[in-house]
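Trainee: Let me begin by handing over the structure; questions about it come next.
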Amino acid sequence: MKMPHHRNACLSIVRTAAAIAALGALLGGCLGQVYQRGYILPDGALQQVPIGATQEQVLIVMGTPSTVATVSGDTFYYISQRTESAAAFIPDKPTDQRVVAIYFDKNRRVERLADYGIKDGKVFDYISRTTPTGGRDANYVQSIFGNFLGGGSMIPGISR
């Protein structure tokens, strides 16, 4: 049985569209990927950590820190990194990195909060709106951001 010419043309268009859709679905898995590693800060979590809160209260709200520093008072660090890959089999590149630092006084109460990121190529605290300068803590935070600032990465708690 012979089909009319217009029916063959319609079937050909449908097959072509299906092939394009299938190819698009296959290639979609090869295109860019975004990965979130480390601590994911829940919305509003920092607002639930007031100055004067105890370490126990911080642990309840924020969970276990990525790392803890005990030099000149305790500090909890919550470290996260976002990377993107342009396509499958291409190494991912860091696009955002954050370090939330919660500083405690000698009585183990919150003394200060910091939300460090990179702004204009420098480590920047988005809470105090300042760039940390000098001191052990500033050096430690800068070492965490090493891969953003042209140095090697020293990111505790994050594996690639």
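Trainee: Within the set of other residues whose C-beta is less than 11 Å from the C-beta of Gln97, count the net charge using Lys and Arg as +1 and Asp and Glu as -1. Kindly include the intermediate steps, with their values, before the conclusion.
Mentor: Values: positive: Arg37, Arg82, Arg98; negative: Asp96.
The answer is +2.
Trainee: Still on this structure, I have one more. List the trypsin sites (Lys or Arg not before Pro) within the range 24-132 that DSSP assigns to loop and that have no more than 15 neighbouring Cβ atoms inside 10 Å. Spell out each step's value before the answer.
Mentor: Details: sites: Arg37, Arg82, Arg98, Lys106, Arg108, Arg109, Arg112, Lys119, Lys122, Arg129; in loops: Lys106, Arg108, Arg129.
For trypsin sites (Lys or Arg not before Pro) across the range 24-132 that sit outside H, G, I, E and B with at most 15 neighbouring Cβ atoms in 10 Å, the list reads Lys106, Arg108, Arg129.
Trainee: So between Gln57 and Asp43, what do we pick up on full extension, going 0.36 nm a residue minus the alpha carbon distance?
Mentor: On the way: separation 14, 0.36 × 14 = 5.04 nm, distance 1.70 nm.
This chain segment gains 3.3 nm when fully extended.
Trainee: Further question on the same structure: Name the residues whose placed amide hydrogens come within less than 5 Å of the amide hydrogen of Asp74, ignoring near sequence neighbours (fewer than 5 apart) on the same chain.
Mentor: HN-HN under 5 Å from Asp74: Phe104.
Trainee: Let me ask something else. Report the dimensions of the range 31-144 along its three principal axes from the alpha-carbon atoms, largest first, rounded to Å.
Mentor: Sorted from largest, the Cα extents of the range 31-144 read 50, 31, 23 Å.
Trainee: Which parts of the range 110-135 would a label at Gln36 reach, counting a residue when its backbone N lies under 18 Å from a point 7 Å out along Cα-to-Cβ?
Mentor: Answer for this model: 115-118.
Bear in mind that the values in this text are calculations on the coordinates, not laboratory data. Because the structure is predicted, anything quoted here is derived from the model rather than measured. A quick note on method: Cβ atoms are made from the backbone with ideal geometry, for glycine too, and the neighbour counts reach across all protein chains shown.
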